[in-house]
Structure formats: structure tokens, C-alpha cells
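Taking it in order: structure first as C-alpha cells, then the write-up.
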Amino acid sequence: MSVMRIATFILSIFIVGMVEMMVAGIMNLMSNDLHVSEAIVGQLVTLYAITFAIAGPILVKLTNRFSPRPVLLWALAIFIIGNVIIAMAPNFSILVFGRILSSAAAALIVVKILALTALLTAPQHRGKMIGIVYSGFSGANVFGVPIGTIIGDLVGWRYTFLFIVAVSVLVGILMYFYVPQPQFEMPKAGTETTQRTSSYSKILRPAEIVKYLSITFLLLVANSVTFIYINPLMLKSGHDLSFVSIALLINGVAGVIGTSMGGFLSDKLTSKRWLTIATTIFIVMMLILNVFLPGTGLLLMVIFIWNIMQWSTNPAVQSGVIEHVEGDTSQVMSWNMSSLNAGIGIGGIVGGLVVSKVDVFATTYFSAAIALLAFILIISLKNVAKFNKAQV
């Protein structure tokens, strides 16, 4: 793929990731302006995840027979409209409507972009390229959310969403020029990719797909149980908010590295092997996190390794899923993204129960236990040889 096409795909994922997490940075501003509690405003993140999880597979199914460029442009138009509604909303109810629109459109954008990435990349480089494109999410956490928060502080939270609208218009222009028409630009003739069409799709091993989707769900539940409550976890350990901010920045940087690394290593080692390694290290980090909580340098190192491992798993899962699908992968990609968002939502609920019924420090051990379930599924995956569709 060309550099500009890759940049278009990354920026498309970036704006979606920015919108999803932006609420956290401007929550107090939205709460004061709309006269609702911060707890209510915080549910916009949950609403986004739930809508994303439900709408993704449905919209992909409805649009699979159409070529990708018009589908993406229409989805982006709805995404823009949703964010304009949010920016102009006179009350919270109207804002919720805009949030539902933007999150449904975002689900379709993400799935189509990732499916196109897989379709347009030679088999031996798919994992790496998916990781590069998916790094738009972690990039949004590192750069997008802080930028949006600064805009909100300077001129008001509504201008944060107008900024997203402006960037989305730029993305639309790039999509028009760099998203291919039905006659795709393919890798070298004779590769598996050249034999695929934009609509043909066949799941070769349904049981393996179910395992991968379950792995995504369990790993995101495990991560969210602790990560969503990282603020009280660190504050109760004697750290201040400025240190928490540093830890979150470390998390974002680790995310950028992890997404690219996970795709690259799944190509080199196979998805199963990298998932085994990453999940093992993740479990170890969860088990030792509380030991290092009172410190600084070593604590940041643990957080850094934890988040590299966690962020590296989804590109590896998506690369693994592709091994069991022939043709267009957008439908199974949508299922994977739904599993991811469902995991985030359930993880928040489980973490909340752990914090309220046990203790905030227990979240790390629950995360390790849930990740162990994912590990058991990972070692049960079939050893499918890379680029070979034959059953082992």
C-alpha cells in the first residue's frame, strides 16, 4: 500500500479513538454546562462501547455488498453529523442521540478500514500492517485526547467536538482519493490476496473464530478491571494526580509501541505464539503490580510492560482471525471489535464490583485470574501454519 493510503487508514482510526475517549478529559466541563453529574457524563463512554458492539456487525452485514469507498464516505458523513449534534446539543438527551449516531458510524469505519488493510496487504505482512493501522487508537490516547482536553479548557468542550469534525472532513477528502474502488490495487499477482474479491467471504474454521473472539473479550475484561480504576489504585498508594497523568502518558506510549509490535511479532512467530507470550507477561505484571505501587520508576516500568503486552494482543488476534477466513474479513472483524468493546464494558462493571465489595487493590488479582482463562483458550488454538489454509 502507498504511504498516503496507510496514513489515511491510520487517521481514520485516530479520529474514532479520539471521540471514544475524549469524554474523560472534558467530563467536568460537560457536566457543568449540561447540568448533569460527572457520573452520568461518564456513561457516554459505556454508551459508545455498547453502541459500537451492537451496531458494528449489523451495519457491516447491511453494507457488505457495496464497494468500500461510498460506504466509508457515508459512514464518515454520519459520524460528522453525530459530532455536530453533540457540539450543538442544548441538553444531555440530544447529546446522547448524537453520541449514538457517531458511535454506530465509527463501528463501521473501523471494521471497514481494518478489513481493507487485510485485503490490500500481502499475507506475510498482514499482521504488521494491521498493527500499524490499529496504532491510530493508541495514538489518539497519546496525542488526540490531550489536544482535545486543551481545546476544551481554552475555548469550551463544544469546540473539542468541532475540532473532531474539522479533522473528519480532512479524513473524508483523503478517503475519496486513497480508498480504492471495487477493482482493488492488489499485491503481486499469484499471491492469495489477488484471488479475493470485495464481497466473497467464507469462514474456514468457525470454532477457531469463536476462540479468538473469546480471547479478545476476556483480555479486554481483564485489562479494564484494573485500568479503569488505575486512578484510585494509585492515589490510595500515595501518589498524586500529576503522577497519575505521567502513568497514563506512559500507557499511551506503550499502546503505540504495542500495537505495531503485536502485528509484527504475530507475523514472525504466528499469532498463537505471540498471544501466549504476551498474555503470560500480562498476567505476571498484574500479579506484581501491587508490590511496586508505592514506588515510582519500577512502577512506571511495570505499567509500561503491562500496556505494551495488552495493546499487542488485538493486532495478533486479528491476524489470527484472518488465517481462518477466506475472502472479505469485515464481518469477523466486526465481531472482534464487538467483543473488544463488550470486554471494556463488562470489565468496568466487574472492576466496580471488586472495588465496592472487596478492595481496589484486589482488581489486579482479578485481572490476572480472568487473563488466565484467556491463556487457556490461547494454548488450545490450532497451530495453523502461516499462509497455509490446511488443517493441522
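The residues listed here are Val321, Val284; of these, the one that is over 25 Å from Phe52 (Cα atoms) and out of contact with any strand residue (DSSP E or B) (no Cβ under 7 Å at 6 or more places or on another chain) is Val284.
Listed here are the residues, each with its yes/no results for (1) buried (at least 24 other Cβ atoms within 10 Å of the Cβ); (2) at pLDDT below 95; (3) not in a helix (DSSP H, G or I).
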{"site": "Phe66", "(1), (2), (3)": "no, yes, yes"}
{"site": "Val84", "(1), (2), (3)": "no, no, no"}
{"site": "Leu116", "(1), (2), (3)": "yes, yes, no"}
{"site": "Tyr134", "(1), (2), (3)": "yes, yes, no"}
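When Met18 is tested against (1) over 18 Å from the mean Cα position of the chain (by Cα); (2) at pLDDT 85 or above, exactly one condition is not met: (1).
Across region 19-36, the qualifying residues are those that are touching a residue at least 40 places away in the same chain (Cβ under 8 Å) and closer than 24 Å to Leu170 by Cα, and the one among them that is surrounded by the most Cβ atoms within 10 Å (Cβ to Cβ) is Met22.
Give me the residue from region 316-356 that is outside any helix (DSSP H, G or I) and surrounded by 24 or more Cβ atoms within 10 Å (Cβ to Cβ) and, out of that set, nearest to the chain's Cα centre (by Cα). The extreme case among them is Thr329. Of the numbered criteria (1) farther than 14 Å from Ala106 by Cβ; (2) part of a helix (DSSP H, G or I), the one Val45 fails is (1). Residues that are touching a residue at least 40 places away in the same chain (Cβ under 8 Å) and among the small types (Gly, Ala, Ser) within region 37-88 comprise Ala49, Ala53, Ala55, Gly56, Ser67, Ala77, Ala87, listed in sequence order.
Is it the case that region 320-329 has a residue that's over 21 Å from Leu119 (Cα atoms) and not small (Gly, Ala, Ser)? No, that holds for no residue. Every condition in (1) touching a residue at least 24 places away in the same chain (Cβ under 8 Å); (2) in contact with a helix residue (DSSP H, G or I) (Cβ under 7 Å, 6 or more places away or on another chain) holds for Val244 except the one numbered (1). Checking each residue in region 51-64 for being in a helix (DSSP H, G or I) and more than 21 Å from the chain's Cα centre (by Cα) picks out Leu62, Thr63.
Within region 58-105, track down each residue that is farther than 25 Å from Asn32 by Cα and of a type in the set (D, E, K, R). Lys61, Arg65, Arg69, listed by residue number. What number of residues within region 177-220 satisfy the criterion of being part of a helix (DSSP H, G or I), modelled with pLDDT under 60 and of a type in the set (Asp, Glu)? Going through region 177-220 one residue at a time, the tally reaches 1.
The values are calculated or read from the model by the stated rules, or taken from the named source; none is laboratory data. This is a predicted model, so every value here is computed, not measured. Positions of Cβ are backbone-derived with ideal geometry, glycine not excepted, and every protein chain shown enters the neighbour counts.
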